[in-house]
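One structure is given here, and the rest of the page talks about it.
The values are calculated or read from the model by the stated rules, or taken from the named source; none is laboratory data. Not measured: the values here are computed from a predicted model. Heads up, the Cβs are rebuilt from the backbone with ideal geometry, glycines too, and the neighbour counts pull from every protein chain shown. Just the protein is used for accessible areas: all its heavy atoms, side chains included, with ligands, DNA and RNA removed. Shrake-Rupley method; radii C 1.70, N 1.55, O 1.52, S 1.80 Å.
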Amino acid sequence: MNVQIKSLYCFVTLLEVGNYTRAAEKLHLTQPTLSKMIQRLEDNLEQPLLIRNNQKVIATEAGRMLANSAQQIVGQWHRLQEELNSLNGLQTGQLRLGVCPMMGEMIIDLLSEYRKRFPKIEVSIVELGGFGAEQALLNDTLDLTFTALPTTHSQEFYSHNLKGYPLLACIPNGHKLEKSEAITWAAIEPHPFILYNDDFSLTKLIHRLSHKANVELNIAAQSGQWDFIAAMVEAQMGVAILPKPICDKVNSDKLVYRPLSPNLTWDLALIWRKNLPLTPAAEGFINLSRELSPDSPSM
């Protein structure tokens, strides 16, 4: 049997993306090349690994078994390569970094400084919601990820707390809540609510705190795009809760923002696995993060 690690990496990536076209783009391969690699993998293992249809690829039982082992093999190979690269004094290597789509502008200075200090380290950035980022860490397909606290698998991760930003109620002009100086969960309950996708850590935080206040939110729509959420509020489809940096970026005269009561913050952190050794590239990133952003207290 001759199975290449690159083939395993392509197989894992295909399952993560769920689509041949997008996986081929991510891997910088043509779709026929990717298809041939997967077919060769199935031939070598003498097992069908995927159920194919026009919308999505799904792993067979053999495919799921292979995926579990392949993630570990690819992760171990990645760390071995990085340890060998470190013999050159962190001059070459790769950092696999997860970033929440809403966080880009809040971490750009850190990314820029890392690039200046380690120009030959390739930073591979994957955009994921909080839950997806945690799963990628657990599956060893990321070295580090930015996320919002609290995490779902807190016992599995170390974290470096970055900064907390106020969360504000986002309300369309003329809405009855506009007259309130601060918005309570009880005040939100009667109104349609625009929420983030279930993959977002902020979604889980909002659900947890609203349930703690004995409030059942009236979810009108969900989205992973903050600008689309703001547009839905503008269109009077409901109210939403947005981090202050996002509110500042929206800058719409059709919206008003009010603090929440009690106050609520969006606490950002850098997290990584407890039970896996850090690659030198990842350790360098954490050290730089601690240098530029000393630990902030979480909520």
Original post:
Quick one: if the Förster radius is 35 Å, what FRET efficiency do ASP227 and ILE73 give, using the C-beta to C-beta distance and rounding to 0.05?
Top reply: 0.35
Original post:
For the peptides 232-238, 133-139, 67-73, what is the packing order when you average, over each peptide's residues, the other Cβ atoms within 10 Å and list the highest mean first?
Top reply: 133-139, 232-238, 67-73
**OP:** Might you report the magnitude of the Cβ-based charge dipole of the chain about its Cα centre, with Lys and Arg at +1 and Asp and Glu at -1, to the nearest 20 debye?
**Re:** 140 debye
Original post:
Too long at a 23 Å Cα-Cα cut-off: which of LYS26/LYS204; LYS176/LYS254; LYS163/LYS244?
Top reply: LYS26/LYS204
Original post:
Rg and Dmax of segment 90-133 over Cα atoms: what are they, in angstrom?
Top reply: 11.3, 32
Subject >> segment 212-299 pair-distance distribution - Cα-Cα, 10 Å bins, rounded % >> reply: 12, 31, 27, 22, 8
Subject >> Chain lengthening between GLN31 and ILE58 when straightened (0.36 nm per residue, less Cα-Cα) >> reply: 8.0 nm
**OP:** Could you state how much accessible area ARG258 has, in square angstrom rounded to the nearest 10, with a 1.4 Å probe and all protein chains kept in place?
**Re:** 60 Å²
Original post:
If you roll a 1.4 Å probe over the heavy atoms of the protein chains, what accessible area per residue do you get for segment 164-230, in Å²?
Top reply: 48 Å²
Subject >> Charge-dipole axis of segment 158-255 as Lys and Arg at +1 and Asp and Glu at -1 on Cβ define it, positive-most pick from ALA221, LEU209, VAL233 >> reply: LEU209
**OP:** Would you mind telling me the antiparallel percentage of the DSSP bridges in the chain, rounded to 5?
**Re:** 55 percent
Subject >> Within the accessible area of the chain (1.4 Å probe), percent carbon and sulfur >> reply: 50 percent
